[in-house]
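> Have a look at this one.
The values are calculated or read from the model by the stated rules, or taken from the named source; none is laboratory data. Given the structure is predicted, the values throughout are model-derived calculations rather than measurements. Note: ideal-geometry Cβ built from the backbone for every residue, glycine included; neighbour counts use all protein chains shown. Keep in mind that these areas ignore ligands, DNA and RNA; they rest on the heavy atoms of the full protein, side chains included. Shrake-Rupley method; radii C 1.70, N 1.55, O 1.52, S 1.80 Å.
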Amino acid sequence: MAKELAPELIQKTLQGITIPARPQILVRLDSELAKDDPDPGVVVRLVSSDVVLSAAMLKTVNSPFFGLPRRISSVAQAVSMLGLKMTARIVTGLVLRMIMGGRQSSLERFWDSAEKVACISGRVASTLPRGPRDEAYCFGLFRDIGIPMLLQKFPDYRQTLALADNTVDRPMTLVEEERHATDHATLGYLVARSWLLPEAICEGIRHHHDPSVFDSRDLANPVALTLIAINALAEHLHDEYVRMRANAGWQQMADHVLAHLGMSEDDYCDLREEVTTLVP
């Protein structure tokens, strides 16, 4: 079983960093979804009440990755086609971007990559038997949320990112820990917990740069390991075949990931071809 974070580790991680409060729209959305018979109309009204949010949602769901049979022009259509659970995951990710500086030019590439990795993750999950598509999409958006927070705190954090990109013998989080006494995965875990995301997503975020979890299986929620594997594959496909850049983490996890997901070489090649066709 995975252990809870020690209070002293939480204190060290959050030193000088404030976790953003969970937005009221998510509180109201989760309250509706928790009912025995949630009303899609209430969800539609909640999302539609924010023009920026509803526009962003329509842009997202019309991505080729969602594979909808026709272009969606209203929030009501999106909710009807995607279902309440997926709608909630999309809204959560969009709200996260809006309150975490999604419009800052310095973070445009970060959020663009996060959205694409989330979409690829959802697509990977949809190819698996009972694949957790909704959770995989949400995981893709949240898993690196600690990075922009650390960029704001440490003036030299971009140098840390560059160093981690060129380090193949140890996880990125160890490089961060050595230079800043904290890491983005632990910080992302605390944000996800604060926002009441499902435990599998929270735990997966905490360990998503740790290849040893595939050997130890030391996770409380087995879905977390699948989310880690899906995300690692999605990041690899995005980085190396969309952005045309190396992904050091993939070298540490590739064999574990493909084995865990039950993917053959042919399966991998087919998925790679599909992804490069769908991503603009």
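> For S106, what accessible surface area do you get with a 1.4 Å probe? Give it in Å², rounded to 10.
Counting only protein heavy atoms, S106 exposes about 70 Å² to solvent.
> Using the Cα centre of the chain as origin and beta-carbon charges of +1 (Lys, Arg) and -1 (Asp, Glu), tell me which of G262, M100, V44 is placed farthest towards the positive end of the dipole.
So the residue furthest toward the plus end is V44.
> Contact order normalised by length for region 145-280, with contacts defined as Cα pairs under 8 Å and 6 or more residues apart; what percent is it? Don't jump to the answer; show the numbers that get you there.
Numbers: 131 pairs, mean separation 27.6, N = 136.
In percent, rounded to a whole number, it is 20.
> Hey, another quick one. Over region 211-275, what is the mean sequence separation of C-alpha contacts under 8 Å (at least six apart), divided by residue count, expressed as relative contact order in percent?
Here the relative contact order equals 34 percent.
> Let me ask something additional. Just flag the trypsin sites (Lys or Arg not before Pro) in region 29-68 sitting in loop per DSSP whose Cβ has no more than 14 other Cβ atoms within 10 Å.
Here the trypsin sites (Lys or Arg not before Pro) that fit, given the DSSP loop and packing criteria, are K35.
> Still on this structure, I have one more. Return a whole-number percent for the relative contact order of the chain, with Cα pairs under 8 Å and 6 or more residues apart as the contact set.
18 percent
> For region 1-79 and region 236-280, what is the separation of their C-alpha centers, rounded to whole Å?
With region 1-79 and region 236-280 each reduced to a Cα centre, they are spaced 27 Å.
> Work through the residues other than Q77 whose Cβ is under 12 Å from its Cβ and net out their charges, Lys, Arg +1 and Asp, Glu -1.
Local net charge: +2.
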